[in-house]
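Below is one structure, written out as structure tokens, with a few remarks after it.
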Amino acid sequence: MKCDSCQEKATVFYTQIADGQVKKFVLCEKCANEQGITNPDGLLSPGELMGVGAGAEGDSDVLPFESAEECSACGFTLEDFRKIGRMGCARCYEAFGSELAMRLPSMHKGMVHQGYLPEGLLKEQALRGKVEALEKELREAVESEDYEAAAGLRDTIQELKKGGKGGGK
Amino acid sequence: MMRFSTLMKKPADWMSGDVHQTPVVLTSRVRLARNVTDSPFPGWAKKRERQLVFGAIRGELEALGVMKDGFSHELSELETVQKQVLVERHLISREQAARSEGSGAVVNRKQSLSVMINEEDHLRIQAIRPGLELQEAFELSQSVNRGLESKVDFAVDGTLGYLTACPTNLGTGMRASAMLHLPGLVLSDLINQVLKGVNKMGLAVRGIYGEGTESLGNLYQISNQSTLGESEEEILERLSKVIGDVAVYEQQAREKMAKEDGILLKDRVGRAAGVLGNAYVMTSKEALNHLSMIRLGATQGMVPESMVAVCDRLVMESQPAHLQWNSGKKIEPEERDVLRAQMIREHLQSSFPAAIDDIDQSL
């Protein structure tokens, strides 16, 4: 696949979702760097990038990502997925995750599974929820400069993560 | 193991034809898509990989208590007509019938559970119940899922749920559907309005027989589209509610017709009975539409209630592969129409004099 701005091989895949419209383009690393895409903080506004003047930045979510060209487990390619809309194997979901994330909203009510899970995964999921909540508390503690609480939270999180690895599937 | 001929002789337990259980909703169906972690999905796997998965899963399935002494075959072991019969019985899909080695089906004795191996996904666990029993159908399919999950490593992710070949099945991997007979809504020209409403609820509607928007026999299927972002219970609850509502609208339409246009309704039922009982050449389209009228008449007390079961059985058995299998020889399409007419005449002869009396008396 070739870069949209020059003829080099594209390695950066960029998806922009604004006002419910999905726009995709592919760039080589050099052009991507020039556009500031590899560094999310340095992003140009979507409008500038698309060459249509300044856009309303507040209205859009920009998801810069790099996506694999091929699934390392089964050899199925991103092109294959785009062509037939199906995956080659379970691991393809990691390899083409960003491409998938873009398509999910038009297929499903939500992006996160809410249904039945086998017991092992349920525990893992509960643990992840706990860690996420603590991480939020940690950020708040740091912001309010409560470093003592932050240190305690950090230790708890580390412990939970360690325990989770041992006990998870 | 159950033989194909036994499966053919025994009607499935969901073909009960109990008019009180199935006046509008004939069947409820739930299917769960599951895949194993360590092999490519069937559409991308090599033949050898498919065969390995097939062998392993088939063994585990046959060992499950609920599937005991069931029907279990690799598709390559079956004749084309046998595969088509399984499709007509909704035990395997049309897509799967086209496959052969490394693909197969395990069906329990009651034919209420059927597991397709190596269709689009490694496993498609399907449960069928009579009437509106989606929750029961889900629990039945879930019993197979639970039985397998300790023995087979299913591909499942905490965030995306069950990983499927097509992302449209991600999450629960569950497609739940019901088959509805809606002649009242069709005859009162309310069908499009109702189906549009169902669509707006994020549910899919399609005709079961016929192509495009045409629905033969006034039979429709309503199913969920989204499989990710809601629990199985939420999906089933919404679906059951919408299907229940449609069934009520259908009953209201039937009652209104019987009250306001009674003579017209009797005319339709009587003509259908006349044609079915006396025709010698019958296309499947004609059969489906006339049988639909008899079924309607049976729920409105115009013909005996027992005719509901007869109609449902004839809809199933007047399909091409069933006709051919039961005739025991290869038949041409024109010959099929003759056989179909004959089979229907024979089935109806015993019930029809009484049926026509009933129509007279209800005038």
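A few remarks follow.
- Unique residue being more than 14 Å from every other protein chain (Cβ to nearest Cβ) and out of contact with any strand residue (DSSP E or B) (no Cβ under 8 Å at 6 or more places or on another chain) when the list is B:Val246, B:Val281, B:Val242: B:Val281
- Restricting B:Gly161, B:Gly207, B:Gly184 to those that are on the phi > 0 side of the Ramachandran plot and either in contact (Cβ under 8 Å) with a residue 40 or more places away in the chain or in contact with a helix residue (DSSP H, G or I) (Cβ under 8 Å, 6 or more places away or on another chain) (or both) reduces the list to B:Gly161.
- The residue list B:Gln142, B:Gln135 contains one member that is within 23 Å of B:Ala63 (Cα to Cα) and within 14 Å of another protein chain (Cβ to nearest Cβ), which is B:Gln142.
- All conditions but one from (1) among the small types (Gly, Ala, Ser); (2) open to solvent by less than 20 Å² (accessible area, probe 1.4 Å); (3) under 24 Å from the mean Cα position of the chain (by Cα) apply to B:Gly161; the one that does not is (3).
- Some residue of the stretch B:151-170 being within 28 Å of B:Arg3 (Cα to Cα) and either in the same structural domain as B:Leu219 (by TED's automatic domain parsing) or out of contact with any Phe, Trp or Tyr (no Cβ under 8 Å at 6 or more places or on another chain) (or both): yes
- Near pairs, Cβ below 8 angstrom, 6+ apart or cross-chain, from the stretch B:111-133 (free of Cβ contacts under 8 Å to residues at least 60 places away in the same chain and more than 11 Å from B:Asn35 (Cα to Cα)) to any residue that is open to solvent by 10 Å² or more (accessible area, probe 1.4 Å) and assigned to a strand (DSSP E or B): B:Leu113/B:Gln126; B:Ser114/B:Gln126; B:Val115/B:Arg124; B:Val115/B:Gln126; B:Met116/B:Arg124; B:Met116/B:Gln126
- Of all residues in the stretch B:1-18 being in a loop (DSSP other than H, G, I, E, B) and of a type outside the set (D, E, K, R), the one that is farthest from B:Leu61 (Cα to Cα): B:Gly17
- Residue match in the stretch B:17-33 (condition: farther than 30 Å from B:Leu296 by Cα, away from chain A (no Cβ under 14 Å) and surrounded by fewer than 19 Cβ atoms within 10 Å (Cβ to Cβ)): no
- Of the helices (runs of 4 or more DSSP H) lying entirely inside the stretch B:19-99, those carrying at least 3 residues that are of a type in the set (Gly, Ala, Ser) and either over 30 Å from B:Leu185 (Cα atoms) or in the same structural domain as B:Leu113 (by TED's automatic domain parsing) (or both) are B:47-63.
- Scope the stretch B:300-313; condition of a type outside the set (Asp, Glu) and surrounded by fewer than 24 Cβ atoms within 10 Å (Cβ to Cβ); matching residues: B:Gln300, B:Gly301, B:Pro304, B:Ser306, B:Ala309, B:Val310, B:Arg313
- Any hit, the stretch B:261-276, residues being among the β-branched types (Val, Ile, Thr), under 30 Å from B:Ala165 (Cα atoms), away from chain A (no Cβ under 14 Å) and open to solvent by less than 20 Å² (accessible area, probe 1.4 Å): no
- Scanning the stretch B:164-181 for residues that are within 14 Å of another protein chain (Cβ to nearest Cβ), among the aliphatic types (A, V, I, L, M) and out of contact with any helix residue (DSSP H, G or I) (no Cβ under 6 Å at 6 or more places or on another chain) turns up B:Ala165, B:Leu170.
- Taken over the stretch B:76-105, residues that are farther than 24 Å from B:Tyr209 by Cα and either aliphatic (A, V, I, L, M) or touching a Phe, Trp or Tyr at 6+ places or on another chain (Cβ under 7 Å) (or both) amount to 4.
- Among (1) out of contact with any His (no Cβ under 6 Å at 6 or more places or on another chain); (2) of a type in the set (S, T, N, Q); (3) within 14 Å of another protein chain (Cβ to nearest Cβ), the one test that B:Ser226 misses: (1)
- Residues of the stretch A:78-134 satisfying the condition of being open to solvent by 70 Å² or more (accessible area, probe 1.4 Å), farther than 30 Å from B:Ser143 by Cα and within 18 Å of the chain's Cα centre (by Cα): A:Pro105, A:Ser106, A:Glu132
- Neighbours by Cβ (under 7 Å, 6+ apart or cross-chain): first from the stretch A:74-86, facing chain B (nearest Cβ under 8 Å); second open to solvent by 80 Å² or more (accessible area, probe 1.4 Å) and among the basic types (Lys, Arg): A:Cys74/A:Arg91
- Qualifying residue in the stretch A:105-122 (condition: away from chain B (no Cβ under 12 Å) and in a helix (DSSP H, G or I)): no
- Hits in the stretch A:135-145 (condition: farther than 24 Å from A:Gln114 by Cα, touching a residue at least 12 places away in the same chain (Cβ under 8 Å) and open to solvent by 50 Å² or more (accessible area, probe 1.4 Å)): A:Glu137
- Residues of the stretch B:186-204 satisfying the condition of being touching a Lys or Arg at 6+ places or on another chain (Cβ under 9 Å) and closer than 17 Å to B:Glu250 by Cα: B:Leu187, B:Ser188
- Yes/no for B:Val106 being surrounded by fewer than 21 Cβ atoms within 10 Å (Cβ to Cβ) and among the aliphatic types (A, V, I, L, M): no
- Among the residues of the stretch B:37-52, those identified as more than 27 Å from the chain's Cα centre (by Cα) and within 12 Å of another protein chain (Cβ to nearest Cβ) are B:Thr37, B:Asp38, B:Ser39, B:Pro40, B:Trp44, B:Ala45, B:Lys46, B:Glu49.
The values are calculated or read from the model by the stated rules, or taken from the named source; none is laboratory data. Because the structure is predicted, anything quoted here is derived from the model rather than measured. Glycine gets a Cβ as well: all are built from the backbone with ideal geometry, and neighbour counts include every protein chain shown. Keep in mind that these areas ignore ligands, DNA and RNA; they rest on the heavy atoms of the full protein, side chains included. Shrake-Rupley method; radii C 1.70, N 1.55, O 1.52, S 1.80 Å.
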